[in-house]
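Take a look at the structure below.
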Amino acid sequence: MPKYANDQPVGFQNTIERVAIVGAGGTIGTHIVSALLKAGKHTVTALSRKDSSNKLPEGVLVAPVDYNDEATLVAALQGQQFLIITMAPTAPRDTHSKLVQAAAKAGIPYVMPNWYGGDIDNIKLGEDTLLGPMGRANREEIERLGMQWITVCCGFWYDYSLAGGDSRFGFDLVKRSLTLYDDGNSKISTSTLAQVGRAVAKVLSLPVLPQDADDTSLTLSTFFNRSVYVKSFVVSQADMLASVKRVTGTTDADWTITRQDTKTRYEEGLAQVKSGNMAGFSKLLYSRVFYPDETRDLSTKVQNELLELPVESLDEATKAGIELDKELQLRTERMAA
Ligand SMILES: NC(=O)c1ccc[n+]([C@@H]2O[C@H](COP(=O)([O-])OP(=O)(O)OC[C@H]3O[C@@H](n4cnc5c(N)ncnc54)[C@H](OP(=O)(O)O)[C@@H]3O)[C@@H](O)[C@H]2O)c1
C-alpha cells in the first residue's frame, strides 16, 4: 500500500470508523469499548459467541458468531476496518487463528491480536512465561495473511493484578495477607485497565496514513507491525502495600506478610503447569516478571506523552483494584484457570 494518503485511490478513507472487537464484555474489552465510545469516532461491533452469557456494553452492535462456522465470522467481519481481539486466554488454542483467517477472508487490513502484556522484545521473558512464542505466532500469522498488526505492551494490569488473589501481585485482599516476592522491592511497569482502553482508543482515532512526505504527525501507520507501549505506574510490591494501607486505613499490624524467593516460586508454578494444573500458570508468570536481577521498567519505551494519556493516581487505581477483587470472586471458572 502506498505510504501517503494523497497517493491513495479516490474514495480512500484516512480514518478508522468501523471497529470489530472480540471480548467486548470481557476484562480489558469492556475498557477498550468504553474508551472508543467516549471518543465517539467509531461504530463498534462486538463479535460474541452465540451462546455467550457475557453482558455486552450498551452502544455496541452485536454480531453473534460460532467459531466452528467460519461463515459466521466472515459475515460479522465484512466491511470492518479494524479488528481488536481480546479473547479469554482460556479459549482453545486455535480460536485466535480461526478468527484471524476469517478476518483475512473478510478483507480486514489491521488486527490487534491477543497480548496486552509485557515487552514483546524481551524474548527470554516471553519464553520463560510461555506466552512469548504464542504471541509471536499470532502476529506472524496476521502478517502471513497480508494484514498488519498493532499490539499493546502494557505490563501487568495494575488493578486486575492487585485483585484476584495471592498468585498475582501476592495480595489476598480478603484475608489481608501478602506474599512478598524476594524483598518486595523489584519495580515493574504496570497499566490500569482504563489506561489501556484509552491508549487503544487514541491509536484508533489517529489518521491512518500521513497526507504526504511533509506530514510528520502521528498516524496509525506509525504502529503497523509494532507495539504501542503504555504504562500507568512503575511500582514494587512494597509501593503497592503502602498504597493499599493508605486506601484501606490499615497498618502493618493488620497484614500477614510472608516472603518467597521468586525463583523457587517460578519453579513451583512451572512444575504445576507441567503436571496439568493450570493454577500454577499465574504463579510462574508473576514470579518470573518480578525476578530481581532484570529490569521490567518500560519507561524508556512508553508512548504515554505521544498519545496524551493522563498521569494517574496510584491510590485511585488501588481503590479500583479492591472493587474489582469483589467482582473477580464471582468469576470462579476463570479464577480456577
Ligand atoms: N496484562 C495483564 O495483566 C493481563 C491479564 C489478563 C489477561 N491479559 C491478556 O488480555 C487478553 C484478554 O484477556 P481478558 O482477561 O480481557 O479476557 P476475558 O475477559 O477472560 O475474555 C474475553 C472474551 O473472550 C470470549 N471467550 C471466552 N471464552 C471463549 C472461548 N472458549 N472461545 C472463544 N471466545 C471466548 C468471551 O467473549 P464472548 O462471550 O462475547 O464470546 C469473553 O468476554 C489476553 O490476551 C490475555 O492474555 C493480560
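The values are calculated or read from the model by the stated rules, or taken from the named source; none is laboratory data. Note that the structure is a prediction, hence the values are computed from the model and not measured. Here the Cβ positions follow ideal geometry from the backbone for every residue, glycine too, while neighbour counts run over all protein chains shown.
Computed quantities for the displayed model
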{"read-out": "Filter pass, Ala75 being within 22 Å of Thr151 (Cα to Cα) and either touching a residue at least 60 places away in the same chain (Cβ under 8 Å) or of a type in the set (Gly, Ala, Ser) (or both)", "value": "no"}
{"read-out": "Neighbours by Cβ (under 8 Å, 6+ apart or cross-chain): first from the stretch 90-101, in a helix (DSSP H, G or I); second among the aromatic types (Phe, Trp, Tyr) and at pLDDT 95 or above", "value": "Thr95/Tyr67; Lys98/Tyr67; Leu99/Tyr67"}
{"read-out": "Residue, farthest from Val111 (Cα to Cα), within the stretch 122-164, restricted to residues that are touching a strand residue (DSSP E or B) at 6+ places or on another chain (Cβ under 7 Å) and aromatic (Phe, Trp, Tyr)", "value": "Tyr158"}
{"read-out": "Residues (on the phi > 0 side of the Ramachandran plot, surrounded by 24 or more Cβ atoms within 10 Å (Cβ to Cβ) and modelled with pLDDT of 95 or more) located in the stretch 159-185", "value": "Gly170"}
{"read-out": "Selected residue (only one of Lys41, Lys55 is part of a loop (DSSP other than H, G, I, E, B) and within 14 Å of the ligand (Cβ to nearest atom))", "value": "Lys55"}
{"read-out": "Matching residues in the stretch 77-91 - criterion: being farther than 19 Å from Thr30 by Cβ and touching a strand residue (DSSP E or B) at 6+ places or on another chain (Cβ under 7 Å)", "value": "Leu77, Gly79, Gln80, Gln81"}
{"read-out": "Residue in the stretch 236-256 that is within 30 Å of Leu306 (Cα to Cα), of a type in the set (Lys, Arg) and not assigned by the TED database to the domain that holds Ser34 present", "value": "no"}
{"read-out": "Restricting the stretch 186-202 to residues that are in a helix (DSSP H, G or I) and touching a strand residue (DSSP E or B) at 6+ places or on another chain (Cβ under 7 Å), the residue that is surrounded by the most Cβ atoms within 10 Å (Cβ to Cβ)", "value": "Val200"}
{"read-out": "Enumeration of residues in the stretch 256-287 that are over 24 Å from the mean Cα position of the chain (by Cα) and aliphatic (A, V, I, L, M)", "value": "Ile257, Ala271"}
{"read-out": "Which numbered condition Val196 misses (of (1) touching a residue at least 24 places away in the same chain (Cβ under 8 Å); (2) more than 24 Å from Ala271 (Cα to Cα); (3) more than 12 Å from the ligand (Cβ to nearest atom))", "value": "(3)"}
